[in-house]
Amino acid sequence: MDQLDTAYLVETPEGIDLQAQLAGPVVRAIAYSIDVLIRSVVMLVVWVVLIFAGNVGIGIILLLSFLLEWFYPVLFEVYNNGQTIGKKYMGLTVVNGDLTPINWGASLTRNLLRFADFLPFSYLGGLLSMTLTKKFQRLGDLAVGSLVIYKPEVRKQAVLPECLPRPPSIPLTLEDQIAIIGFTERHNDLSYDRQKELAHILSDVTELDAEKNIQYLRGVGSWLLGVR
């Protein structure tokens with residue numbers, strides 16, 4: 001089973017801390033099995049279609065089998081945000097060690113080294129490597145510094161209320177800005193009475209009544225979110 005603490009932290013050159021959840025051997029094995037099943041079905045269909053085409057058909061089958069085995073994962077990882085079909089189904093993605101998208105060179109190397117993961121048999125080397133390393137890296141991952149992580153959920157953009165964006169009239173701390181932005185983004189989720197209750201907290205500062213205070217906070221929140 002995967003370790004309980006799979007958090008992976010990295011600091012960008014800009015000083016921003018990024019966090020991801022590492023994927024362990026079990027979920028990666030399931031994703032790989034899905035990809036193997038897909039390749040097997042494709043090859044079965046091709047075999048049925050071309051088996052009676054003589055030597056030409058056999059040549060095409062062998063070539064396609066080679067391409068699917070070694071370049072299927074590379075093409076998907078580079079052109080599909082680090083996700084093969086199996087990884088996408090399991091919510092995984094391949095990234096570089098700094099959490100940037102994987103490139104051609106890294107993807108080719110990590111996938112061509114799967115033959116080493118296969119040794120001595122049945123991917124035992126890769127399984128041992130993932131089990132014994134803190135970041136669940138197989139040999140190909142160790143060679144290029146890549147990671148397999150759970151793909152972060154894409155946050156849906158909130159529908160902002162109709163209001164006049166305005167800059168805050170007083171300096172705001174980071175906590176104040178986060179609170180006002182949350183108040184603005186959740187305007188459809190909060191009852192009007194609850195919004196009045198929350199807005200009343202700042203009434204002594206803004207010197208506005210509840211109705212105007214709601215509009216004021218919405219305007220400041222929209223402004224903080226970049227609406228001009």
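The values are calculated or read from the model by the stated rules, or taken from the named source; none is laboratory data. Predicted, not measured: the structure shown is a model, and the values here were computed from it. In this analysis, Cβ positions are derived from the backbone assuming ideal geometry, glycine residues included, and neighbour counts consider all displayed protein chains.
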Only one of these is at pLDDT below 85 and closer than 30 Å to G24 by Cβ: L119, L113. Name it.
L119
Show the residue pairs that are 6+ apart or on different chains and have beta-carbon atoms under 7 Å apart, the first residue being within the range 85-107 and free of Cβ contacts under 8 Å to residues at least 24 places away in the same chain, the second being buried (at least 17 other Cβ atoms within 10 Å of the Cβ) and outside any strand (DSSP E or B).
P101/G82
All but one of (1) within 24 Å of K135 (Cβ to Cβ); (2) in the same structural domain as M130 (by TED's automatic domain parsing); (3) modelled with pLDDT under 95 hold for D2; which doesn't?
(2)
For the range 86-137: of the residues being β-branched (V, I, T) and outside any helix (DSSP H, G or I), which is surrounded by the fewest Cβ atoms within 10 Å (Cβ to Cβ)?
T100
Taking the range 39-83 only, how many residues are under 22 Å from T109 (Cα atoms) and in contact with a Gly (Cβ under 7 Å, 6 or more places away or on another chain)?
0
Would a scan of the range 64-79 turn up a residue that is more than 30 Å from E185 (Cα to Cα), touching a strand residue (DSSP E or B) at 6+ places or on another chain (Cβ under 6 Å), surrounded by 14 or more Cβ atoms within 10 Å (Cβ to Cβ) and not acidic (D, E)?
no
Filtering the range 138-189 down to residues that are at pLDDT 90 or above, crowded, with 19+ Cβ neighbours inside 10 Å and part of a loop (DSSP other than H, G, I, E, B) yields R138, S146
With (1) modelled with pLDDT under 80; (2) hydroxyl-bearing (S, T, Y); (3) not in a loop (DSSP other than H, G, I, E, B) as the list, and Y216 as the residue in question, which single condition is left unmet?
(1)
